[in-house]
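A short worksheet on the structure shown next.
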Amino acid sequence: MNRRQVLMSGASILSFAALSGVAGPAIAQAGQDVVIGVLFPMSGANAQVGIDARHAMETAADIVNNSYDLDLPTAKNAGLAGLGNAKIRLVFADHQSDPQKGRAEAERLITQEKACALIGCYLSSVSSTVSGVAERYGLPFLCADSSSPSLARHELKFFFRPAAQDEMFSAAMFDFLDAQKAKGKKVETVGLFFEDTIFGTDSSNTQRKLAAERGYKVVADIKYKSNSPSLGVEVQQIKAADPDVLMPSSYITDAILLMRTMGELGYKPKNIVAQASGFSDKAFFDAVGDKATGIISRASFSLDMAQKRPSVLKVNNMFKARSSRDLNDSTSRELMGLLVLADAIDRAKSTDGDEIREALVATDIPGERTIMPWKRVKFEADGQNVDADPVLVQYINGAFVTIFPAAVALAEPLWPMNA
């Protein structure tokens, strides 16, 4: 389906536009700005996430639009060579963590701002609706950071995700638990704690399945309402079960509330192995202080990767100059996602949705040309990059250090975390 021929209630988008006065997305000419629509939460409970994401996107745009001595896609040329050195122009939209707001903003970016592609959206629930909009209009949606596995299972032609999804992340987490058990550490029981949107639900389903397959007993299986005002009852349940490993899947406000509530109720988990998200954000560590020491998180990125990939520190310094903070699990994926998308537009030599999609399908970027620990960026038929290898990091002495897998680990894990 051509991006200018979208079926809407049996009529094409061109017919709809003629009746309503709303124009379809335009095709840019060589040398013109290339408009990319960017959707993140810029207000509400996840506003800081959106602010950080904007800094990540603007850093990536700087790399694309100017010339840098970085071994990254599009970095060495100023602008997109395939489009006459055209610059990319980002148009930001605030979805306010609301899937329906995300849907409306995605349509605005396409029909009014003339975006040739969309990128976002942090929350998997929003990425789900936005990917549907992009599919209807026939232009790519680059899922930068949402990790729900089900996002890639809707047979969407225009969905692409360079980073790992939660089945891949969770498998790495259980591989780590198996490795600890093999070393004689006590790892017999796990506790699942997850929020009630698509992110938490998909994560818990995967972890429940892996626990059964790997021989771990699930002694707590707790679903809670996202952005809940209180977690006292839930923490009492965790405390009573006292699992060897607590595995939370929570966004930032819930992660902060969980840690504070455990402190108030005098409960110290033996170990926390988190599904990143709220447990990877600087605001979380600023809020909970020493309570965060020893927390392990799955990750797509760690600053200590700079020992193997020189671009990491240079790009981190560029990001930090804008944001006053280091890249983290989310912002690194967002930044790299835009570079992957820009590379495809450059190779497509076009802003037509079908042609960008074809270039994304043909993507094959070696891991060494990213800032991530990935083998490469190459998309499967469902749009997922299966070579986005996760790592596990532990928060020690005010910073994350890579602890797993052994091939890239720079420290032994502190286990238990309160030892």
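A few notes on this one:
- Count of region 363-408 residues which are touching a strand residue (DSSP E or B) at 6+ places or on another chain (Cβ under 9 Å), assigned to a loop (DSSP other than H, G, I, E, B) and over 27 Å from ARG325 (Cα atoms): 7
- The lone criterion from (1) open to solvent by less than 10 Å² (accessible area, probe 1.4 Å); (2) more than 19 Å from the chain's Cα centre (by Cα) left unmet by ALA362 is number (1).
- Considered as a group, the residues in region 107-131 that are under 18 Å from the mean Cα position of the chain (by Cα) and part of a helix (DSSP H, G or I) include one that is surrounded by the fewest Cβ atoms within 10 Å (Cβ to Cβ), and that residue is THR129.
- Those residues of region 182-226 which are under 21 Å from MET168 (Cα atoms), touching a strand residue (DSSP E or B) at 6+ places or on another chain (Cβ under 9 Å) and of a type in the set (A, V, I, L, M, F, W, C), in sequence order: VAL187, VAL190, LEU192, PHE193, PHE194, PHE199, ALA211, ALA212, VAL218
- Residue within region 298-312 that is at pLDDT below 95, open to solvent by less than 10 Å² (accessible area, probe 1.4 Å) and assigned to a strand (DSSP E or B) present: yes
- Single condition ALA17 does not satisfy, out of (1) at pLDDT below 95; (2) open to solvent by 20 Å² or more (accessible area, probe 1.4 Å); (3) out of contact with any helix residue (DSSP H, G or I) (no Cβ under 7 Å at 6 or more places or on another chain): (2)
- Residue in region 167-197 that is nearest to GLN207 (Cα to Cα), counting only those that are small (Gly, Ala, Ser) and in a helix (DSSP H, G or I): SER170
- In this structure, SER170 does not satisfy being open to solvent by 10 Å² or more (accessible area, probe 1.4 Å), of a type in the set (S, T, N, Q) and more than 13 Å from ASN385 (Cα to Cα).
- Yes/no for ILE222 being of a type outside the set (D, E, K, R), in contact (Cβ under 8 Å) with a residue 12 or more places away in the chain and not in a strand (DSSP E or B): no
- Yes/no for SER203 being of a type in the set (Ser, Thr, Tyr), assigned to a helix (DSSP H, G or I) and more than 19 Å from PRO269 (Cα to Cα): yes
- Scanning region 227-274 for residues that are hydroxyl-bearing (Ser, Thr, Tyr), in contact with a strand residue (DSSP E or B) (Cβ under 9 Å, 6 or more places away or on another chain) and either open to solvent by 60 Å² or more (accessible area, probe 1.4 Å) or farther than 23 Å from ILE396 by Cβ (or both) yields a total of 2.
- No other residue among ALA381, ALA342, ALA348, ALA359 is under 20 Å from ASP69 (Cα atoms) and small (Gly, Ala, Ser) apart from ALA342.
The values are calculated or read from the model by the stated rules, or taken from the named source; none is laboratory data. Remember, predicted model here, so these are calculated numbers, not experimental data. Note that we place each Cβ from the backbone using ideal geometry, even for glycine, and neighbour counts take in every protein chain shown. To get the accessible areas, we keep the full protein, side chains included, count just its heavy atoms, and leave off ligands, DNA and RNA. Shrake-Rupley method; radii C 1.70, N 1.55, O 1.52, S 1.80 Å.
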